[in-house]
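The values are calculated or read from the model by the stated rules, or taken from the named source; none is laboratory data. What you are looking at is a predicted structure, and each value in this text was computed from that prediction instead of being measured. Every residue, glycine among them, receives a Cβ derived from its backbone with ideal geometry; neighbour counts consider all protein chains shown. Calculation scope for accessible area: heavy atoms of the full protein, side chains included, ligands and nucleic acids excluded. Shrake-Rupley method; radii C 1.70, N 1.55, O 1.52, S 1.80 Å.
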Amino acid sequence: MSERTPHGHHKEEERAMSTLGIIGSGNIGTAVARLAVAAGIDVVIANSRGPRSLAGLVEELGPRATAATVEQAARAGEATLLSIPLTAYDALPEGLLRGRTVLDTGNYYPFRDGRITELDSEQETTTELAQRLLPGALLVKTFNNIMAHHIPQLARPAGADDRSALPIAGEDPAAKARAADLIDRLGFDTVDAGAPAESWRFEPESDAYTRIYLADPGVPVDQMMQAPAAPVPASELADLLESSRRVKVAERTF
């Protein structure tokens, strides 16, 4: 595994990242959009239903938000947040994200996606599969191990004593650096979990997945969506990633 350290705050990259494209207007995409506009970043947001379906969300987000087509969102700004079901990746136009820094929030959920042989057999991690489905995209896995309602609860300014960290994984060092700079502006430190092959360390049911951000990690499953969050500093997250056990994907039921 690669060395893990919290990513610093670079004002020159902050100036460069003026616009974020977002494909997917579900809970995670919307939560990140809210943090982005609050941080002074314009967002161009799209979903599979078309720009008109986003009128209410764009009005709520304010003048920094624009509804767009998937193609427009994919080319807006300096990076793209991709937050759609895993089974929708191969439905994106071919080459749409080629050469783009893509923050990939996706997870494999068999109850939603059906069984995927390559993942159940552990031939690939979800991130490796996503990279294969999106050739040429500079994928950085992130925002996939935290529940959407915890994102605004835990976002903090740089240097705050109670700042939380998110893991990132990817192949391209420059893309990871750009993703980390953006995440820093959104209110989180980052911990580098390594290459896509290592991203199982924070996939569903791993030791670094969702419950780590709960104020009460033992809360029943049916209460998790309303349960309050508690900070997870970078040092604690790094330890959790290091010790994370690899889940038997074929035995997962959700």
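Averaged over its residues, the chain has an accessible area of 43 Å² per residue, based on protein heavy atoms and a 1.4 Å probe. Here the Karplus curve 6.51 cos²θ - 1.76 cosθ + 1.60, taken at θ = phi - 60°, turns the phi angles of the stretch 69-86 into couplings of 7, 4, 5, 5, 5, 5, 10, 7, x, 9, 7, 10, 8, 10, 9, 10, x, 4 Hz, with x standing for Gly and Pro. Once backbone amide H atoms are built at 1.01 Å from N, Ala137 has Gly99 as its partners under 5 Å, excluding neighbours fewer than 5 places away on the same chain.
For the stretch 19-63, the list of trypsin sites (Lys or Arg not before Pro) that fall in a loop by DSSP and count at most 16 other C-beta atoms within 10 angstrom reads Arg49. Shown here: the chain, whose C-alpha atoms stretch 43, 42, 37 Å along the first, second and third principal axes, sorted largest to smallest. You can think of it this way: the chain between Ser243 and Val219 has 6.4 nm of extra reach, that is 0.36 nm per residue less the Cα-Cα gap.
Inter-label distance, Glu205 to Gln123: 2.0 nm, where each label sits 7 Å from its Cα along the C-beta direction.
Distant-in-sequence amide contacts of Ala39, defined by a placed amide H-H separation under 5 Å and a gap of 5 or more residues or a different chain, comprise nothing. Modelled spin-label separation between Arg112 and Thr87, with each label point placed 7 Å from Cα along the Cα-to-Cβ direction: 1.1 nm.
Amide H contacts under 5 Å for Leu214: Ala230, restricted to partners 5 or more places along the chain or on a different chain, H placed in the peptide plane at 1.01 Å from N.
Please sort 57-66, 121-130, 141-150, 98-107 by packing, taking for each peptide the average over its residues of neighbouring beta carbons within 10 angstrom, highest first.
141-150, 98-107, 121-130, 57-66
Taking the 1.4 Å solvent-accessible surface of the chain as the whole, the part contributed by carbon and sulfur is 51%. Using a simple spin-label model with pseudo-atoms 7 Å out from Cα toward Cβ, Ala174 and Ala38 lie 3.2 nm apart. Mean projection of the Cα convex hull over all viewing directions, computed for the stretch 97-173: 6.7 nm².
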